[in-house]
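Take a look at the structure below.
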Amino acid sequence: MVAETQKNLEKVFEKQRKFCKVNEIVEKYKYQKQNLIAILQEVQGEYRYLPEEIMTYIATIMSISPASVYGVATFYSQFSLDPKGKYEVKVCDGTACHVRGSMPVYKAIKEKLKLKDGKFTTEDLQFSVETVRCLGACALAPVVVINNKVYSKVTPEAVKIILDKLLERSGEGDKAND
Ligand code: FES
């Protein structure tokens, strides 16, 4: 019994060490449930998404049910439960962008990054790709946003050049071009 308790405590301590940054964030918000959205925002800022394990951990240290945390994380579209890449590529597929060719651009990105079988994030976590609704810049359609930088009137050829530059910068050029 004692050995089992000891084991469980060790597990908790190990998690606490692993989630040191999460502890800091939750502590900053004084473990209060009404601050859960702000806590999840900051945690997502650290990890680029909300891993299930971390949501469970947050629930434990805040003494709330994992379902409450999961409920908030799934209710708001700003939260992602899937891993995001270092570069978050958003392809607008609002009406104006769609009419002016956003889907060929999206397809070119997925091909370039070798994202197949419904995958949206590269295995090395360098890039994630998603379509989004109108970004309010229809005159620039089709629009692609990469980490808040807006690219206008993008063509499939142009987006490959943009990605090449980012791949070079992240030192992953060889992998995507082989
Ligand atoms: S439809 Fe793409 S910015 Fe409006």
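The values are calculated or read from the model by the stated rules, or taken from the named source; none is laboratory data. From a predicted model like this one, the values you see are computed outputs, not experimental measurements. So basically every Cβ, Gly included, is an ideal-geometry build from the backbone, and we count neighbours across all protein chains shown.
Applying the criterion of being small (Gly, Ala, Ser) and buried (at least 19 other Cβ atoms within 10 Å of the Cβ) to the residues of the stretch 97-144, the residue that is farthest from Pro156 (Cα to Cα) is Ser128. Does Glu88 satisfy the condition of being among the charged types (D, E, K, R), closer than 27 Å to Gln44 by Cβ and either touching a residue at least 40 places away in the same chain (Cβ under 8 Å) or part of a helix (DSSP H, G or I) (or both)? Yes; evaluated as a whole, the condition is true for this residue.
Return a yes/no flag: does the stretch 76-93 have any residue that is within 27 Å of Leu115 (Cα to Cα), of a type in the set (Phe, Trp, Tyr) and exposed (fewer than 14 other Cβ atoms within 10 Å of the Cβ). Looking through the stretch 76-93, at least one residue is within 27 Å of Leu115 (Cα to Cα), of a type in the set (Phe, Trp, Tyr) and exposed (fewer than 14 other Cβ atoms within 10 Å of the Cβ).
Among the residues of the stretch 103-141, just one is under 20 Å from Leu166 (Cβ atoms), more than 21 Å from the chain's Cα centre (by Cα) and touching a residue at least 24 places away in the same chain (Cβ under 8 Å), namely Pro104. Of the helices (runs of 4 or more DSSP H) contained entirely in the stretch 91-178, those carrying at least 1 residues that are within 15 Å of the ligand (Cβ to nearest atom) fall at 95-99, 102-112, 156-169.
When Lys28, Lys11 are checked against the criterion of being surrounded by fewer than 16 Cβ atoms within 10 Å (Cβ to Cβ) and at pLDDT 95 or above, Lys28 stands alone in meeting it.
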